[in-house]
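Read the structure below first, then the notes.
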Amino acid sequence: MTLLSGKLEQFEILLASKSPRREQLLKDAGIKFKIITKDVDESYPEHLRKEEVVLHLAVKKVEAFSELMNQEKVIVITADTIVCLGEQIIGKPVDFDHAVKILKSLSGKMHEVFTGVCISSQKKKELFSVRSEVYFKSLSEDEIYFYLEHFKPYDKAGAYGIQDWIGLIGIEKINGSYHNVMGLPVKEVYECLLNF
């Protein structure tokens, strides 16, 4: 039960995501929803600024479900998360060696995590992004190898999950939303739905 229950009970809320973390976060917020998935091309124009990339991709993902936007009582939530070191956007690792390279580049530095969210219905579209700063301690090679061998974070931007072991031992501080770093800024999603 949540405050959203009565307000949105006439709507079917659909989370368009394959991410188990986004699913869990939305569930933990007490929001009733169903999962829908579709493969979407995640390329984007190179001229976009990093904070624009996540908004572009969140919109691109909702456009893949355009047939649902004709239904009156449906709300679709899409999201995209990127990790940025300076101006460089770091995606998901392609293999073990690539993941090692990524984590070595993040070690001892601050990086940014942006999540763009699009919440759409037939009559309304809300689009926003959230930024967090994540500070890694200097990671030893042993720590990096241990993490990758045991947790295999190949489905995660930046080659790590903040909720994993590496987040417990390697993160010195976060400025901004922890849940945003996990992949969904739940507070902002909740507030947006509350005002939908």
Condition broken by residue 48, with the remaining ones in (1) open to solvent by 60 Å² or more (accessible area, probe 1.4 Å); (2) within 27 Å of residue 89 (Cβ to Cβ) satisfied
(1)
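In this structure, does residue 55 turn out to be within 23 Å of residue 132 (Cα to Cα), aliphatic (A, V, I, L, M) and surrounded by 14 or more Cβ atoms within 10 Å (Cβ to Cβ)? Walk me through how you get there before you give the answer.
Numbers: within 23 Å of residue 132 (Cα to Cα): yes; aliphatic (A, V, I, L, M): yes; surrounded by 14 or more Cβ atoms within 10 Å (Cβ to Cβ): yes.
Yes.
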Residues in segment 154-181 that are among the small types (Gly, Ala, Ser) and in a helix (DSSP H, G or I): how many?
5
Name every residue in segment 62-81 that is closer than 14 Å to residue 41 by Cβ, charged (D, E, K, R) and not in a helix (DSSP H, G or I), in order of residue number.
80
Please count how many residues of segment 85-121 are touching a residue at least 60 places away in the same chain (Cβ under 8 Å), in a loop (DSSP other than H, G, I, E, B) and more than 23 Å from residue 148 (Cβ to Cβ).
1
Go through (1) outside any helix (DSSP H, G or I); (2) touching a Ser or Thr at 6+ places or on another chain (Cβ under 7 Å); (3) not polar (S, T, N, Q) for residue 48 and report which single condition fails.
(2)
Cβ-Cβ under 9 Å pairs, at least 6 apart or on other chains, segment 25-39 side under 15 Å from residue 74 (Cβ atoms) and open to solvent by less than 80 Å² (accessible area, probe 1.4 Å), far side modelled with pLDDT of 90 or more and part of a helix (DSSP H, G or I)
31/186; 31/189; 31/190; 31/193; 33/23; 33/26; 33/27; 35/23
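Give the number of residues within segment 12-24 that are open to solvent by 50 Å² or more (accessible area, probe 1.4 Å) and either under 16 Å from residue 116 (Cβ atoms) or touching a residue at least 12 places away in the same chain (Cβ under 8 Å) (or both).
To start, the set of residues in segment 12-24 that are open to solvent by 50 Å² or more (accessible area, probe 1.4 Å) comprises 12, 18, 20, 23-24.
Add one more test, that the residue is either under 16 Å from residue 116 (Cβ atoms) or touching a residue at least 12 places away in the same chain (Cβ under 8 Å) (or both), and what stays is 12, 18, 23.
Of the residues in segment 12-24, 3 are open to solvent by 50 Å² or more (accessible area, probe 1.4 Å) and either under 16 Å from residue 116 (Cβ atoms) or touching a residue at least 12 places away in the same chain (Cβ under 8 Å) (or both).
Using the structure shown, decide if residue 184 is in contact with a strand residue (DSSP E or B) (Cβ under 9 Å, 6 or more places away or on another chain), within 30 Å of residue 12 (Cα to Cα), modelled with pLDDT of 95 or more and assigned to a loop (DSSP other than H, G, I, E, B). Walk me through it before giving the result.
Working: in contact with a strand residue (DSSP E or B) (Cβ under 9 Å, 6 or more places away or on another chain): yes; within 30 Å of residue 12 (Cα to Cα): yes; modelled with pLDDT of 95 or more: yes; assigned to a loop (DSSP other than H, G, I, E, B): yes.
Taking the combined requirement at face value, the residue satisfies it.
The values are calculated or read from the model by the stated rules, or taken from the named source; none is laboratory data. These numbers come from a predicted model, not from an experiment. Methodologically, a virtual Cβ is constructed for each residue, glycine included, from the backbone with ideal geometry; neighbour enumeration extends over all protein chains shown. We work out accessible area using only protein heavy atoms, side chains counted, and drop any ligands, DNA or RNA first. Shrake-Rupley method; radii C 1.70, N 1.55, O 1.52, S 1.80 Å.
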